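Asks: Before I ask anything, let me first share the structure, which is written out below as structure tokens.
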Amino acid sequence: MCRLRIALLALALTLGSLGVAHPAYADGIIIPEPPICDPGPCPHPVPLSQLAIKYHHVEVKIEQQVAITRVDQVFRNENDATVEGTYVFPLPAGASVTRFTMWVDGQPVEGKVLTREQARQQYEDIVRRMRDPALLEYIDRGAVQASIFPIEPGGERRIQLEYTQVLTVDNGLVHYTYPLNTEKFSTAPLDDVSVKVDVRSDRPIRAVYSPSHPIDVVRDGAFHVTAGYEDGSVRPNRDFELFYSLSEDAIGFSLMTYRDPSADGGDGYFLLMASPAITVEPSDVIGRDVLLVLDQSGSMEGEKFRQVQAAAKYVLDHLNANDRFNIVAFSTGTRAFADGLRPPEDRLEGERWVDSLSARGATDINRALLEAVAQADSERPAIVLFLTDGLPTEGVTDRQTIIDDIQEASPSNLHLFAFGVGYDVDTLLLDSLAQGHHGATTYVAPGQSIDEAVSSLYAKVSTPVLTDVRLDFGHASTSDLFPEALPDLFAGGELLVVGRYHQPGDTTIRLSGTVDGQTKTFEFTDQSFRESGGPAFLPRLWATRKIGVLLNQIRLQGVQKELVDQVVHLSIRYGIVTPYTSYLVTEPTVLGAAAEGQIAADALKQMQTAPTQSTGQAAVQRAAGESALGGASAPVAPSGQAADVVRVVATRTFKLVDGTWIDTAFDPKTMIAKAVPFLSSDYFALAGSNSELAAAFALGERVIAFSGGVAYEVVAADQPGDAITIPTATGATPANSADPYTAPASHGRPLTTLPCGGALLPLGLAALGLRRHRI
């Protein structure tokens, strides 16, 4: 939820006159109001703590792209004094408010809608008076404000509001955003935060995607979907975003692109989403060979093996009409359910056979996998589900020999999904097998449910509609695509591909694959790789995936200087902090080519001297973490200790160095920044010209940031400034852009107003409708 500030400029001036330094707050700032004492002046100020947020619930109903957002939140006054003020709700960027209602404890309260120009003037006034730039990131937004009734000590105030907006559609993709990010400014973690979005459309809803939060998606047919996020004991720190696509085609297709012509050599970034229909005709489902390889060694005895049996029966119960199956159980030796592949009609017999198994013996992984892959038909897609909790201890035990044996024996159309149970598995073996055969590894920690992990993955891959998937971007030049090997397309699933493009323009993209041995191609015309702007999360999503792939490559294939250099550069540029790139947090400076080169050299030496662990808890956690990065659907944001010194604003990463937030792309040895005095007319003019630059200025009083290829340094108000040419509304996220995606990320110092839940503004300043209170 949002953090509140109760403040009076009078006390700030008093503190200044007493020579008290204005403190720099990482999580917020409270300037208490000088109380009115009766009789006479108060001998000492009585401090007021910020208000806590008890809960924040958001319900959104979207019908035919009209979104009605209902907000329900509770503020709690933990002070010994009564508090009252003005509630302000900065409107989401690009929102068109057609209706606004507000309720406070069941009583209707009149709210005033401010235009963007009115809100900007108020924001600037607050920034000048409080010398706090945090509000600048909302400088291109309108607002709603209302008076709040007094809140007694220990009392709570429930605020409910509703607003309506019309969502835009771009290339069949609808975008909804709710500014949840500044909820981190509550004095205590929220007991409960939730966002529920109910979408109905007269066109089929295909891809449903959030780049910001993990969501549960429930579909009720092709035209109704519900997406939800909820958590507890948290301080949410990013906007909630939801994208969904509308399409009546056999495969829904959407393309999002981002480009800043002044950065990254002029290259752009894209996210491609392809999603088949939720349900398909049985005749359109591709028949596969499903092979279950189950570890029944002695270490699996007990609850673990009972869960493996349940997982196997789930798979057998969900075979498609044209599938075939077999089961191989292994320990010291191997046992097969049948001599060859069997039809789905034999599933009950297979389940009884699985129930008859018991855990005993050693672990012959090589023999079991060879027996399974030998049954795969090169003319039909094949999937191997391999479950084990240990290392190879019988037969061939050398890791590379096993990898080579399976590679040589497997047809090219085989997909291998490995499940590592517990911490005694060989992560290098499992990951090499899965990545070498178009699959993935799922690690099941002790205490986690094996059958749930297997059923969750199999439900996603149970109904293939297109195999051997390929992409052709026409005359558009692309590179660095992730995933590198495209997975099959499944009914109700989504294919997410990120990459880079080198020139803007329109093209035709072709998606092709195999259906029953025949090649089928889908064409998507008039796909645009934009010249500038776009969703600001795309570069960081691409960097997140690439870092994950590079770290996996280093772990599986050995340390190479070129790979380490790339990891270091991407980590610094995009703020992707991992256990292996923690120098972004710990190093006193990460600025410039020389510093980056030294960090890369140190990282290379550390990786070369540290032994690679293939088994154990640390190895499993590392393997799972790197795989999660490589397949991430959302960019990784700095958290914990990193969030204190590393901030991400839209596409830029800032590091706190000696009290100044500096863009990590700035090299002090080769670049000169133009000085801009804090609170000067140029300062506000620059913030107003570009919302990404405004969000960077909102980090603090001292900032070095780029806009349009020019570096600007915010210096003290009493220092001279350089001659500045105020750019027009250009750049990656211009303030006046009509682009529905231009919504900069919100980070930085605590806010006087909060976008999602609003804020209580200072009492006592006439221009802000403020009053003083007695204690």
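Asks: Looking at region 645-663 only, could you name the residues that are touching a helix residue (DSSP H, G or I) at 6+ places or on another chain (Cβ under 8 Å) and in contact (Cβ under 8 Å) with a residue 40 or more places away in the chain?
Replies: Hits for region 645-663 are V645, V646, V648, V649, A650, T651, R652, T653, F654, K655, W661, D663.
Asks: Among the candidates E162, E124, single out the residue that is at pLDDT 85 or above, within 28 Å of A227 (Cβ to Cβ) and among the charged types (D, E, K, R).
Replies: After ruling out the rest, the residue left standing is E162.
Asks: From the list V444, V515, pick out the single residue that is in contact with a helix residue (DSSP H, G or I) (Cβ under 6 Å, 6 or more places away or on another chain), of a type outside the set (G, A, S) and on the phi < 0 side of the Ramachandran plot.
Replies: V444
Asks: Of the residues L471, L481, L538, L486, which single one is open to solvent by less than 30 Å² (accessible area, probe 1.4 Å) and under 16 Å from L255 (Cβ atoms)?
Replies: L538
Asks: Considering only residues that are touching a Pro at 6+ places or on another chain (Cβ under 6 Å), assigned to a loop (DSSP other than H, G, I, E, B) and over 15 Å from A665 (Cβ atoms), which ones fall in region 678-715?
Replies: A698
Asks: Would you kindly identify the strands (runs of 3 or more DSSP E) lying entirely within region 462-574 that contain at least 2 residues that are modelled with pLDDT of 90 or more and closer than 30 Å to L292 by Cα?
Replies: 464-472, 495-501, 505-515, 518-529
Asks: Right, another one. Please enumerate the residues belonging to region 627-640 that are part of a loop (DSSP other than H, G, I, E, B) and out of contact with any helix residue (DSSP H, G or I) (no Cβ under 6 Å at 6 or more places or on another chain).
Replies: G631, S633, A634, A637, P638, S639, G640
Asks: Follow-up. Identify all residues within region 381-407 that are more than 27 Å from P464 (Cβ to Cβ) and within 36 Å of the chain's Cα centre (by Cα); write none if there are none.
Replies: The answer is D389, G390, L391, R399, Q400.
Asks: Oh, and also: Please give the number of the condition D431 fails out of (1) part of a helix (DSSP H, G or I); (2) open to solvent by 20 Å² or more (accessible area, probe 1.4 Å); (3) among the charged types (D, E, K, R).
Replies: (2)
Asks: Quick one: how many residues across region 441-456 are under 24 Å from the mean Cα position of the chain (by Cα), surrounded by fewer than 19 Cβ atoms within 10 Å (Cβ to Cβ) and touching a residue at least 60 places away in the same chain (Cβ under 8 Å)?
Replies: 1
Asks: Scan region 50-96 residue by residue and report those that are open to solvent by 50 Å² or more (accessible area, probe 1.4 Å) and modelled with pLDDT under 85.
Replies: Once the filter is applied, which keeps residues that are open to solvent by 50 Å² or more (accessible area, probe 1.4 Å) and modelled with pLDDT under 85, region 50-96 yields K54, R76, E78, D80, G94, S96.
Asks: Continuing with the same structure: Can you go through G395, G361 and tell me which one is over 21 Å from T514 (Cα atoms), in contact (Cβ under 8 Å) with a residue 24 or more places away in the chain, of a type outside the set (D, E, K, R) and in contact with an Asp or Glu (Cβ under 7 Å, 6 or more places away or on another chain)?
Replies: G395
Asks: Something else now. So, in region 226-248, exactly how many residues are surrounded by fewer than 22 Cβ atoms within 10 Å (Cβ to Cβ), touching a Gly at 6+ places or on another chain (Cβ under 9 Å) and of a type outside the set (A, V, I, L, M, F, W, C)?
Replies: Count: 1.
Asks: Taking the residues in region 319-358 that are open to solvent by 20 Å² or more (accessible area, probe 1.4 Å) and in contact with a Gly (Cβ under 6 Å, 6 or more places away or on another chain) as candidates, determine which candidate is nearest to A382 (Cα to Cα).
Replies: So the residue we want is N322.
For (1) touching a Leu at 6+ places or on another chain (Cβ under 7 Å); (2) over 27 Å from G640 (Cβ atoms), each residue gets a yes or a no:
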| position | (1), (2) |
| --- | --- |
| P179 | no, no |
| G221 | no, yes |
| T226 | no, yes |
| V234 | yes, no |
| Y244 | no, yes |
| L272 | yes, yes |
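Asks: Go through region 110-169 and count every residue that is among the hydrophobic types (A, V, I, L, M, F, W, C), more than 16 Å from L686 (Cα to Cα) and in a helix (DSSP H, G or I).
Replies: The number of residues fulfilling the criteria is 3.
Asks: Determine whether region 586-593 contains at least one residue that is closer than 30 Å to A673 by Cβ, open to solvent by 40 Å² or more (accessible area, probe 1.4 Å) and at pLDDT 90 or above.
Replies: no
Asks: Spot the failing condition for D264; the list is (1) open to solvent by less than 30 Å² (accessible area, probe 1.4 Å); (2) in contact with a helix residue (DSSP H, G or I) (Cβ under 8 Å, 6 or more places away or on another chain); (3) within 29 Å of N171 (Cβ to Cβ), and only one is missed.
Replies: It is condition (1) that D264 fails.
Asks: List the residue pairs whose Cβ atoms are under 6 Å apart, where the first residue sits in region 148-161 and is farther than 14 Å from D80 by Cβ and polar (S, T, N, Q), the second is modelled with pLDDT of 85 or more and open to solvent by 20 Å² or more (accessible area, probe 1.4 Å), and the two are 6 or more positions apart or on different chains.
Replies: Correct list of pairs: Q160/D72.
Asks: Another question, if that's okay. In region 643-651, is there at least one residue being open to solvent by 10 Å² or more (accessible area, probe 1.4 Å), of a type in the set (G, A, S), at pLDDT below 85 and part of a helix (DSSP H, G or I)?
Replies: Scanning region 643-651 turns up at least one residue that is open to solvent by 10 Å² or more (accessible area, probe 1.4 Å), of a type in the set (G, A, S), at pLDDT below 85 and part of a helix (DSSP H, G or I).
Asks: To continue, here is another question. Quick check on region 168-192: of everything there that is closer than 19 Å to G534 by Cβ and open to solvent by 10 Å² or more (accessible area, probe 1.4 Å), which residue is modelled with the lowest pLDDT?
Replies: This residue is N171.
Asks: Would a scan of region 370-380 turn up a residue that is farther than 17 Å from V425 by Cα and among the polar types (S, T, N, Q)?
Replies: Checked against the condition, which is being farther than 17 Å from V425 by Cα and among the polar types (S, T, N, Q), region 370-380 yields at least one hit.
The values are calculated or read from the model by the stated rules, or taken from the named source; none is laboratory data. Source: prediction; values computed, not measured. Here the Cβ is made from the backbone with ideal geometry for all residues, glycine too, and neighbour counts use every protein chain on show. Quick note on the areas: whole protein, heavy atoms, side chains included, nothing else; ligands and nucleic acids left out. Shrake-Rupley method; radii C 1.70, N 1.55, O 1.52, S 1.80 Å.
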